[in-house]
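To start, the structure itself, in structure tokens.
The values are calculated or read from the model by the stated rules, or taken from the named source; none is laboratory data. Computed from a predicted model, the values in this text were never measured in an experiment. Glycine gets a Cβ as well: all are built from the backbone with ideal geometry, and neighbour counts include every protein chain shown.
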Amino acid sequence: MSKFNVNKGPWTHRFAIWVFATVFGVLIMWALGFILKDIGNLTGPSYEDVQAQFIDADLLEQSTELRQEIENIEREQTDLREQQTVLRDSTSESQRTMNQLLDFQRLNLQQDVTPSEAEQQALAESQQLFLSNQTRYQALNQQIADLDGSLRELREQQRTNQAELDEKRPVVNEEYERLVDRNNLKIASIKLGVLLPLIIAAVVLYLKFRSSTYSPMVYAFDLAVAYRVVDVMHQYFPSVVFKYILIGTCILVVARILFVLLQMVANPQMDWLLKQYRDAYERFLCPVCDYPIRRGPRKFLFWTRRTVHKMALPADTTEDADGSYTCPMCSTRLYEECPSCHKTRHSLLPACQHCGDVKVVEAPQSAESSSNLTPEKQ
Ligand SMILES: [Zn+2]
Ligand SMILES: [Zn+2]
């Protein structure tokens, strides 16, 4: 069991791999997004068409005509009112002039002075203007009143027309909603149809290559596809259905992760187990039960995982001639004679430190056997 991946590369390279894998995933996500968006832009049903199916064309035309006529009259009225405002200004101006002239004349009469020809003329003109303005103002009022009359009539017609339309509106809306739903379903199925081969590809890639050299690419692709699938389902599936699909998927994923984690503890992968063994040997503790390995210069010492590297060893460190060693606590063989060079080697590590002979380190059968008894029988 010496399948260590020796070609990991420098950390910059590994970092670059993760950066590019992320970029790769994001680009695929974008590309899929563009395709799906274009599919989503397919034209849906038109409300006007549905309306034309259920409502008499004359009725619709009448509605449009009435609306236009009413708008026209309202615009005309606004025009007339503006004219009135201008006229009102002019009238009040001429009235003021007239009053001033009258005051002037009265003053002249009191002093027995006859008004000149020009003064008489001016007064007459301003009176004339005032009166004609009044007349025009009245005429405008009359026009506005007339328009009010026809407006009332048109509004009455519009009310009748609207009532008839309102009667048929629910049928139209219902049919329109049905068509929109059908169109959405069509778009959703086209989108899922486009995604389906990708989903299959994602699953196949995952099953085949998840632990290969190319796994970052596979993960990036799979995550991008998964994101788009969830997105489409979220958009088009009724939220009730989507809610259950989402929570169901989440439960499955979490359960799977938990299962794998538990399985790793119960039936550890060799890599994982070797790390645990290496760690324990480095601290001179039994890899199985953590009992100190008291051999060589450490025979009479006491240490724990925390203090092992802080303590000083006895000065006379004579070469260890203990040979094989078994944990007195759990009876696991920890050091043994190498069958190749006949020197002492670690029992739970793959290679002999003297001659490099490699053997298969076997994992204990289950958690129970590894924590209670010997992990491997020799
Ligand atoms: Zn032990
Ligand atoms: Zn050896």
Need the failing condition index for Val23 against (1) at pLDDT 95 or above; (2) of a type in the set (A, V, I, L, M, F, W, C); (3) surrounded by 15 or more Cβ atoms within 10 Å (Cβ to Cβ), just the number.
(3)
Exactly one of Phe259, Phe242 is free of Cβ contacts under 8 Å to residues at least 12 places away in the same chain and touching a His at 6+ places or on another chain (Cβ under 6 Å), and that residue is Phe242
Tally time: how many residues in region 332-354 are assigned to a strand (DSSP E or B), more than 12 Å from Tyr277 (Cβ to Cβ) and either within 16 Å of ligand 1 (Cβ to nearest atom) or not acidic (Asp, Glu) (or both)?
6
Out of (1) under 28 Å from Asn267 (Cβ atoms); (2) modelled with pLDDT under 85; (3) away from ligand 1 (no atom under 16 Å from the Cβ), what's the single condition that is false for Ala315?
(1)
Test: Leu80 is touching a residue at least 60 places away in the same chain (Cβ under 8 Å) and surrounded by fewer than 11 Cβ atoms within 10 Å (Cβ to Cβ)
no
When only residues in region 278-298 that are of a type outside the set (D, E, K, R) and within 8 Å of ligand 1 (Cβ to nearest atom) count, which is surrounded by the fewest Cβ atoms within 10 Å (Cβ to Cβ)?
Tyr291
Report, by residue number, each residue of region 166-207 that is in contact with a Lys or Arg (Cβ under 9 Å, 6 or more places away or on another chain) and either outside any helix (DSSP H, G or I) or charged (D, E, K, R) (or both).
Lys191
Residues being part of a loop (DSSP other than H, G, I, E, B) and at pLDDT 85 or above: count how many of those fall in region 269-291.
8
If Arg305 satisfies every condition in (1) modelled with pLDDT of 85 or more; (2) surrounded by fewer than 16 Cβ atoms within 10 Å (Cβ to Cβ); (3) assigned to a loop (DSSP other than H, G, I, E, B); (4) within 15 Å of ligand 1 (Cβ to nearest atom) but one, which is the exception?
(1)
Taking region 263-313, which residues are touching a helix residue (DSSP H, G or I) at 6+ places or on another chain (Cβ under 9 Å) and either of a type in the set (Val, Ile, Thr) or within 16 Å of ligand 2 (Cβ to nearest atom) (or both)?
Val265, Val288, Ile293, Val308
Expected single match for over 30 Å from Ala226 (Cα atoms), surrounded by 15 or more Cβ atoms within 10 Å (Cβ to Cβ), free of Cβ contacts under 8 Å to residues at least 60 places away in the same chain and in the same structural domain as Leu131 (by TED's automatic domain parsing) among Thr91, Thr64 is Thr91
State whether one or more residues within region 110-120 are surrounded by 14 or more Cβ atoms within 10 Å (Cβ to Cβ) and within 30 Å of Glu61 (Cβ to Cβ).
no
Flag for Gln51 being within 30 Å of Gln138 (Cβ to Cβ) and either outside the structural domain of Arg228 (by TED's automatic domain parsing) or exposed (fewer than 10 other Cβ atoms within 10 Å of the Cβ) (or both):
no
If we scan region 332-341, do we find a residue that is modelled with pLDDT under 80, in contact with a Pro (Cβ under 7 Å, 6 or more places away or on another chain) and more than 16 Å from ligand 2 (Cβ to nearest atom)?
no
Being within 30 Å of Gln51 (Cβ to Cβ) and surrounded by 13 or more Cβ atoms within 10 Å (Cβ to Cβ): is that true of Gln143 here?
no
